[in-house]
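Please treat every number below as a calculation from the coordinates, not as lab data. Predicted model only: the values in this text are computed from it and were never measured. So basically every Cβ, Gly included, is an ideal-geometry build from the backbone, and we count neighbours across all protein chains shown.
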Amino acid sequence: MATVLGLKCRECGELYPVSPVHVCELCFGPLEIIYDLEAIAKKVSRESIEAGPTSMWRYRDLLPIDGEPTVGLDCGWTPLVRADRLGKELGINNLYLKNDSVNHPTLSFKDRVVAVALTKAKEFGYQVVACASTGNLANSVAAHAAQAGLESYVFIPADLEQGKILGTLIYGTHLLAVSGNYDEVNRLCAEAAGKYGWGFVNINLRPFYGDGSKTFGYEIAEQLGWKAPDHVVVPCAGGSLISKIYKGLGELNALGLIDGVPTKMYAAQATGCNPITSMITSGAEVMRPVKPNTIAKSIAIGNPADGYFAAETVRKSGGWAADVTDEEVVDGIRLLGRTEGIFAETASGVTVSVAKKLAAEGRFGRNDVVVLAITGNGLKTQEAVSGELGRPTYIQPNLQSLDTALRAETLVTA
Ligand SMILES: *Cc1c(COP(=O)(O)O)cnc(C)c1O
Ligand SMILES: [Zn+2]
């Protein structure tokens, strides 16, 4: 069981025992989980993982929980889709989509992080859990808290999409809509975490939450036949997912489950909120926070907690970054729908259009394997495209009306 050695400061290296803390007492650096990879190597093999559940919990020995998982048992193991039609449009020969728009139970990759954070919250004995969210985390914390019988408090910027608000309220949570942007919501929550004894999944439970994202990377490699891809394009908000995918691939390599990590990581953001991509493309050493202004609300974090590490991951891997306008976000959502039959949310519109840009810049080799992280479902951000898709053609229930409609030039075909 003892595969977790403790927590370690990412800045100064100070060690801490497993507990609900997230910043170093000495230098205020962020803490991360340290695993005993030698002990894990003795327990896991490709075969043992393949014989595990068809969920993210097939990697249970690589996750920071002590007992068996108790929350989110059907999260993960989402499809890795080969995307030849989209690839043709983008000029990428070997394109795959890791499709977390159908992750369970709330249709975004956030279910992975919450499944780990709330399993851990129960191990720590929390009765009440909470989060600061741009939308998908709100949905996921509320749903998993309901499943686990925990009380929950969910904090969001007040101007989120209807789908994100309804998709939180339905689970019977306490939803606090704050008049302010995400960074203001997060600051309030950091203060609240000190005052109330709640388990904030992305504040005091952040090290455990973050490692749930590793499973996104594990699954990509396993689904490619135990092989790391050449390139992964990832939408960035707080900057956690991109570095955890890379960390996950590194662990599989260290465990001998894959043979090397040639993978280059690419950060994708909206131009209206690009603190991470602008840091990378400008070569800056420090991240400059921005005031978010984009329809890609789920990734609109102006002062990302892990922004520095996201940029470091991109640089270390030899990848790059790009951002796209809101218009390109809508184009990306439509292109994905029209070519691959996947309706994804704004964050994925960002990813698709950024991939198009990177491909046009010649960043991917001819036969390289490219994976796009599709992280959330389009039914939750309908506002982004609702004015863009035309109308149905209305007809009467008879063939004459159908014939007339088929002949009419106004027939919507796209
Ligand atoms: C939260 C989120 C991200 C980015 O996650 P970080 O780990 O905060 O960078 C990407 N896509 C969607 C849909 C999200 O909800
Ligand atoms: Zn420290």
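Observations on the structure shown:
- In summary, the aspartates and glutamates within cross-link reach of K357, defined as a Cα separation below 15 angstrom excluding same-chain residues under 8 places away, comprise E89, D323, D326, E327, E328, D331.
- Of the trypsin sites (Lys or Arg not before Pro) in region 349-414, the ones in a loop by DSSP (not H, G, I, E or B) with at most 11 other beta carbons within 10 Å are R366.
- Net +/- balance of residues flanking Y35 in space, Cβ distance below 15 Å, scoring K and R +1, D and E -1: +2
- In summary, the convex hull built on the alpha carbon positions of region 139-247 has an orientation-averaged projected area of 8.1 nm².
- Take every pair of alpha-carbon atoms less than 8 Å apart whose residues are at least six positions apart; their mean separation over the length of region 18-119 yields a relative contact order of 21 percent.
- Neighbour-limited loop hits for chymotrypsin sites (Phe, Trp or Tyr not before Pro), region 1-81 (at most 15 other Cβ within 10 Å; DSSP other than H, G, I, E, B): F28
- Loop-located GluC sites (Glu not before Pro) in region 1-63 (DSSP state other than H, G, I, E, B) with a sparse environment of at most 15 neighbouring Cβ atoms within 10 Å: E11, E14, E25.
- What the phi angles of region 225-230 give under the Karplus curve with 6.51, -1.76 and 1.60, with θ = phi - 60°, is a coupling list of x, 6, 8, 6, x, 7 Hz, glycine and proline written as x.
- Computed over the chain, the per-residue total of -39500 (n - 2.57) for DSSP H runs of n ≥ 4 gives a 222 nm mean residue ellipticity of -11500 deg cm²/dmol, rounded to 500.
- Charge tally for D74 (other residues, Cβ to Cβ under 15 Å; Lys, Arg +1; Asp, Glu -1): 0.
- Taken over region 323-371, the convex hull of the Cα atoms encloses 79 Å³ per residue.
- For region 189-291, the fraction of alpha-carbon pairs in successive 5 Å shells from zero, as %: 2, 12, 18, 17, 17, 16, 11, 6, 2, 0
- Only Lys, Arg (+1) and Asp, Glu (-1) charged, at Cβ; the chain dipole about Cα centre in debye: 300 debye
- For A228, nonlocal amide neighbours, meaning residues 5 or more places apart or on other chains whose placed amide H falls under 5 Å from its own, are D259.
- Under-5 Å amide H pairs with Y35, H placed in peptide plane, nonlocal only: L5
- Enclosing the Cα atoms of the chain in their convex hull gives a volume equal to 152 cubic angstrom per residue.
- With the charge dipole of the chain set up from +1 on Lys and Arg Cβ and -1 on Asp and Glu Cβ about the Cα centre, the Cα lying farthest toward the positive end among the listed residues Y394, C27, C9 is that of Y394.
- With Cα atoms as the point set, region 1-49 shows a radius of gyration and Dmax of 13.3, 42 Å.
- DSSP-defined antiparallel bridges as percent of all bridges, the chain, nearest 5: 30 percent
- The shape of region 37-191 comes out oblate: with a ≥ b ≥ c from the C-alpha gyration tensor, a/c is at least 1.5 while a/b does not beat b/c.
- Entries of K88/K291; K214/K297; K42/K120; K43/K227 with Cα pairs more than 30 Å apart: K88/K291
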